[in-house]
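First comes the structure, then the notes that go with it.
Throughout, read-outs are computed from the coordinates displayed, never taken from laboratory work. Note that the structure is predicted; figures quoted are calculated from it, not measured. Here the Cβ is made from the backbone with ideal geometry for all residues, glycine too, and neighbour counts use every protein chain on show.
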Amino acid sequence: MGRSVRSRGGGCAIRRALNLPGCGGLLLAMVVGAALLVHLSARPRWHRLQETRLLMGTQVDVTVLVSDHEQGDRGLRACFGEMERIQALMNIYSEGSQISKLNRLARQQWVVPHPEVFWLVQRSLESSRASDGAFDISVGPLVRIWREARRRGVPPSTLEVQAALAHVGYTTIDVDPKGQRLRFLNEGMSLDLGGIAKGYALDKGAEALRREGIQQALLNAGGDILALGGKGKDPWIIGIRDPRDPNGLLGSLEARDVAVITSGDYERFFVYEGKRYHHILDPRTGFPSRGCRSVTVVGPRATEADALATAAFVMGPSSGLALLEHRPGVEGIVVDERGRKSLTSGLEGKVKWLR
Ligand code: AMP
Ligand code: MG
């Protein structure tokens, strides 16, 4: 599908030429003629290429706007290649992944993990400290029993939750920054990067596109979005899902060079005796966190936005919103358990509400 977005830029050149003081009629006609000629010959055809793959447990769509097909194909290949590489590193469900190796070995000894795993663990620990432990990648043992519970459709017993909780706590992840090493001070520990790795994969996917010279793209991983540039002259428009209506939107916002990441209680859950049990766990109680239906974070980096969305969700509507409000360059929308919406001051007037 071709689009001559740049032709509007050519229009500006003509307007500038018309503003030249003291132009005579002939000169003016020549300038306009020349500008038009340049405009027509330089006008690129814009193509919109899209590809979808299943990745990281969700559908990932990448759309690129490019002036030539080959560049677009190269970009899409590089972008998905990079995201697949990250998935292979961080996947706790694959025995051979770097994170699984770390989980097996760091209980006994210092381990030098893959540098990107080490980097992501460090970013995760920063988020843990900033959120007073609401964000905690050591939730691995809890994630395991709640995944099993989801399969059965019945919550785990309090005893089971207590047993898992005994092995949760980011302060027992020992970090040696000089040696780039990690070890666990609590034997039953295991790390789960599910709350941050998707954001990291989006950042790396966008980096790969930029390396191919692509400056306009939209990466969508199951509703977590990274907008690279805009859509021609316009920004991308991002819908914010209604947490109680899979097909409905609460509103939309404009995005350019920004990540829009949402944590919601609707992503993976089961209902037992009228109560919803979802996948975002409160490391203080061992149970799915209560208080929020969804938290959307808008920020320059998807990695940080992903961790902050999970963190704010667990902290609850008011502390969660305060966390986002105080973070420079970051904004957010919180929908609480009664469906009430609140947003950080920088988003006032910027969300187009639909309901
Ligand atoms: P997200 O959808 O980004 O909020 O991430 C949710 C995923 O992060 C879950 O499926 C778990 O793998 C993991 N997780 C759950 N609770 C936490 C938590 N409190 N801190 C960090 N990661 C968590
Ligand atoms: Mg997250």
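In degrees from 0 to 90, rounded to the nearest 10, what is the angle of the helix 140-152 Cα long axis to the longest principal axis of the chain?
Taking the Cα atoms of the chain, the angle to 140-152 is about 90 degrees.
Give me the log10 of I(q) over I(0) for region 267-332 at q = 0.20, 0.29 Å⁻¹, as the Debye formula computes it from C-alpha points; what are the numbers?
The computed values of log10 I(q)/I(0) come out as -0.78, -1.26.
Please list, or write none, the lysines whose alpha carbon is within less than 20 Å of the alpha carbon of LYS350, excluding same-chain residues fewer than 8 places away.
Within the straight-line cut-off, LYS350 pairs with LYS231, LYS233, LYS341.
For the Cα atoms of the chain, what angle does the longest principal axis make with the long axis of helix 317-326, in degrees from 0 to 90, nearest 10?
Relative to the chain, helix 317-326 is tipped by roughly 50 degrees.
Between GLN109 and ARG48, what length in nm is gained on full extension when 0.36 nm per residue of separation is reduced by their alpha carbon distance?
16.9 nm
Which distance in nm do the two modelled labels at GLU273 and SER67 give, with both placed 7 Å along the Cα-to-Cβ direction?
Going from the GLU273 label point to the SER67 one covers 6.5 nm.
Hey, if you drop one equal point scatterer on each alpha-carbon of the chain and run the Debye formula without solvent, what base-10 log of I(q)/I(0) do you get at q = 0.07, 0.11, 0.12 Å⁻¹?
With no solvent term, the Cα-only Debye profile gives -0.37, -0.78, -0.90.
Grab the alpha carbons of region 145-232, take their convex hull, and tell me the volume per residue in Å³.
Hull volume over Cα atoms, normalised by residue count, gives 149 Å³.
Using Cβ contacts closer than 10 Å as the measure, can you line up SER97, SER157, SER345 from fewest to most?
Starting with the residue having the fewest Cβ neighbours, the order is SER345, SER157, SER97.
Using the Karplus curve 6.51 cos²θ - 1.76 cosθ + 1.60 with θ = phi - 60°, what ³J(HN,Hα) values do you get for each residue of region 100-114, in whole Hz, with x for Gly and Pro?
For region 100-114, the Karplus-derived couplings read 5, 4, 4, 4, 6, 8, 6, 6, 9, 7, 5, 10, 9, x, 3 Hz, x marking Gly and Pro.
Run the helix sum for the chain: -39,500 (n - 2.57) per DSSP H stretch of 4+ residues, divided by residue count, reported at 222 nm to the nearest 500 deg cm²/dmol.
That comes out to -12500 deg cm²/dmol.
Give me the number: length gained by fully extending ARG340 to SER319, i.e. 0.36 nm times residue separation minus the C-alpha to C-alpha distance, one decimal in nm.
Between ARG340 and SER319, full extension yields an extra 6.0 nm.
To test your reading of the geometry: what angle, between 0 and 90 degrees and rounded to tens, separates the Cα axis of helix 115-130 from the longest principal axis of the chain?
Once rounded, one gets 80 degrees.
Aspartates and glutamates within cross-link reach of LYS101: Cα-Cα under 16 Å, excluding same-chain residues under 8 positions apart?
Straight-line reach from LYS101, under 16 Å: GLU116, GLU187, ASP192.
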